[in-house]
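The values are calculated or read from the model by the stated rules, or taken from the named source; none is laboratory data. Not measured: the values here are computed from a predicted model. Quick reminder, even Gly has a Cβ in these numbers, built from the backbone with ideal geometry, and neighbours come from all protein chains shown. Note: accessible area is taken over every heavy atom of the protein model, side chains too, but ligands, DNA and RNA are not part of it. Shrake-Rupley method; radii C 1.70, N 1.55, O 1.52, S 1.80 Å.
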Amino acid sequence: MDEELDKALNRKTHFKYPAIEATRHTRLLRASYDRLHRIVSYRLEVVPLEYLRWTSYRALSYTWGHAYSGDIIEIQIDGQPFFIRRNLFDFLAAAATRGKYGLFFIDAICINQLDHDERQSQVQEMTQIYRNANEVIAWLGQPEIGQVDNVRALSQTIGSFHSDRATWTASQCAGFRYLSYHGFWSRIWIVQEVLLASSMEVWCGSFTFPIKLFGSTSGTLPPPKTKLASNGRPSTVVCPSSRLQSPAEIIVTHRLRHVPRPLKDPLAQGTKIGTIEEITAGLESPSEAVVNYQTQIQDLLYQVMRKFGKLECSDPRDRLYGLMGILNKRSRARVEPNYRRDVSYAYYQALKIGLQELSAEGNIVSLPDHRLDADCSYLAYYCEVRDAFRMEDGLSLSILRRVLDELHLYTRLQDAFFQVQWQQQFMWHDAEINISPGFKQLLMHAEQENPKADGLLFKFHTRQRIAIESLLSWLQSCSRRHKGWRQFKESSA
């Protein structure tokens with residue numbers, strides 16, 4: 001395949017990597033300038049993962065690009081031929097031009113892409129590798145010919161990028177838009193590489209920009225809504241206002257938070273002595289300012305899957321594995337990267353872990369002493385994961401039923417009904433149970449047959465009507481029993 005041409009050439013030349021224990025070590029590429037021959041030489045060094053925090057190195061964040069025959073370039077590593085793609089070659093040339101030498105982590109070189117076991121072990125260590133890097137470089141590649149002047153004009157505003165963008169020229173605005181909507185930001189691996197970086201620069205050709213240039217607002221987006229198609233198939237619809245943010249801004253501001261900071265001391269302000277003009281001026285001055293900071297709280301899988309799950313990747317399994325670095329410890333421990341199994345296994349993991357998080361964070365039922373979390377949308381998450389992994393409806397439904405059984409969500413619902421019945425008889429006569437609308441819709445969807453079958457919309461509404469009628473009948477029978485029980489107690493008294 002043309003897309004794997006570089007890997008095929010490296011296999012053919014039998015490139016020998018320094019041996020590592022993938023769960024304990026990683027490789028770094030050392031770039032050195034040979035003054036005698038006026039060339040840059042490269043060699044791979046093995047570094048224990050536990051020593052990364054004391055090792056000075058840079059990590060590269062970039063898109064691999066195509067692997068067509070005209071885009072494959074040979075370099076020398078440890079005196080052996082090694083084939084890389086043009087975008088990576090352009091970065092190495094740009095780093096040499098800037099005089100950036102030393103150690104680099106570059107996944108296409110430092111990880112043996114032909115070894116599946118090493119690859120999936122190193123994927124689990126991306127958190128350590130990118131978090132401990134002295135600097136992460138976001139390489140956007142060479143600017144397009146028509147955008148060079150715009151990007152150059154934008155680079156002249158680096159010293160004053162906090163100023164009002166309304167003062168920018170048309171060329172600067174065009175350059176900023178070009179960088180903000182660059183294809184670099186559409187890659188799913190970029191998310192964790194950006195969010196884990198302690199320091200980051202954006203390179204575009206010979207121009208350098210601070211990452212803060214792309215993060216001016218909060219990363220909070222309105223949640224997508226769920227709708228039913230004409231055949232009864234559920235899907236999610238993105239709110240139009242969420243499209244106002246650029247792809248770069250959505251990623252950079254994902255963990256950006258705004259907090260008010262007081263500018264005045266209330267005690268000093270209340271006891272201040274001065275003229276009326278001075279006191280008036282003090283009262284009219286701002287009392288607080290908004291401060292931005294990046295939170296270090298790690299994410300739950302269902303949160304990042306719904307936000308970033310549809311970003312691009314060459315391997316669809318990476319829609320789960322590529323987000324492991326920003327997950328909290330418990331969620332990350334539940335993910336099992338396995339590139340030997342098909343996409344359905346990654347989908348199964350994402351669905352099970354996400355629904356487990358949702359059921360733990362928000363109640364699927366509301367008892368008299370609990371509050372129902374109306375924002376938990378189980379059906380919407382199912383639709384997002386199904387579409388992200390591009391699963392067929394029949395297979396996705398069978399996996400959904402398996403996940404519901406393994407998580408014992410049906411049992412939890414039955415236990416909640418029994419608990420309410422007990423409370424209605426002996427504690428609260430007016431006790432009731434409310435099922436989360438999203439969870440109820442998810443259960444109804446799981447009971448459907450293949451969505452491609454004829455008359456699905458009729459079946460869907462029929463099942464919905466039967467479920468509602470059964471619930472109303474049960475509530476009426478409970479009401480009659482409780483009414484008779486109260487009359488019996490009053491007559492006995």
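Scanning segment 279-302 for any residue that is among the charged types (D, E, K, R), under 30 Å from Thr127 (Cβ atoms) and at pLDDT 75 or above turns up at least one such residue.
Set side by side, the residues Ala31, Ala22 differ, and just one is surrounded by 16 or more Cβ atoms within 10 Å (Cβ to Cβ), touching a strand residue (DSSP E or B) at 6+ places or on another chain (Cβ under 7 Å) and of a type in the set (Gly, Ala, Ser), which is Ala31. With respect to the conditions (1) in a strand (DSSP E or B); (2) at positive phi, Gly65 falls short on a single one, namely (1). Count of segment 2-17 residues, restricted to those that are without any contact (Cβ under 8 Å) to a residue 60 or more places away in the chain and exposed (fewer than 12 other Cβ atoms within 10 Å of the Cβ), is 2.
Among residues of segment 34-54 being modelled with pLDDT of 90 or more and out of contact with any helix residue (DSSP H, G or I) (no Cβ under 9 Å at 6 or more places or on another chain), the one that is surrounded by the fewest Cβ atoms within 10 Å (Cβ to Cβ) is Trp54. When restricted to residues that are of a type outside the set (Val, Ile, Thr) and at pLDDT 75 or above, segment 392-421 contains 16. Within segment 15-33, being among the β-branched types (Val, Ile, Thr) and not in a strand (DSSP E or B) holds for Ile20, Thr23.
Restricting attention to segment 297-310, which residues are open to solvent by less than 40 Å² (accessible area, probe 1.4 Å) and not β-branched (Val, Ile, Thr)? Break it down stepwise before answering.
We begin by selecting, within segment 297-310, every residue open to solvent by less than 40 Å² (accessible area, probe 1.4 Å); these are 299-302, 304-305, 308-309.
Asp299, Leu300, Leu301, Tyr302, Met305, Phe308, Gly309 - these are the residues of segment 297-310 that are open to solvent by less than 40 Å² (accessible area, probe 1.4 Å) and not β-branched (Val, Ile, Thr).
For segment 375-406, a tally of residues being within 12 Å of Tyr347 (Cβ to Cβ), free of Cβ contacts under 8 Å to residues at least 60 places away in the same chain and of a type in the set (Gly, Ala, Ser) returns 2. For segment 68-79, the criterion of a residue being crowded, with 16+ Cβ neighbours inside 10 Å, in contact with a Ser or Thr (Cβ under 7 Å, 6 or more places away or on another chain) and outside any loop (DSSP other than H, G, I, E, B) is satisfied by no position.
Which of the helices (runs of 4 or more DSSP H) found entirely inside segment 98-209 contain at least 1 residues meeting this: of a type in the set (Gly, Ala, Ser) and in contact with a helix residue (DSSP H, G or I) (Cβ under 9 Å, 6 or more places away or on another chain)? Working first, answer last.
Working: elements: 107-110, 116-123, 126-131, 148-155, 170-180, 189-196.
So the answer is 107-110, 148-155, 170-180.
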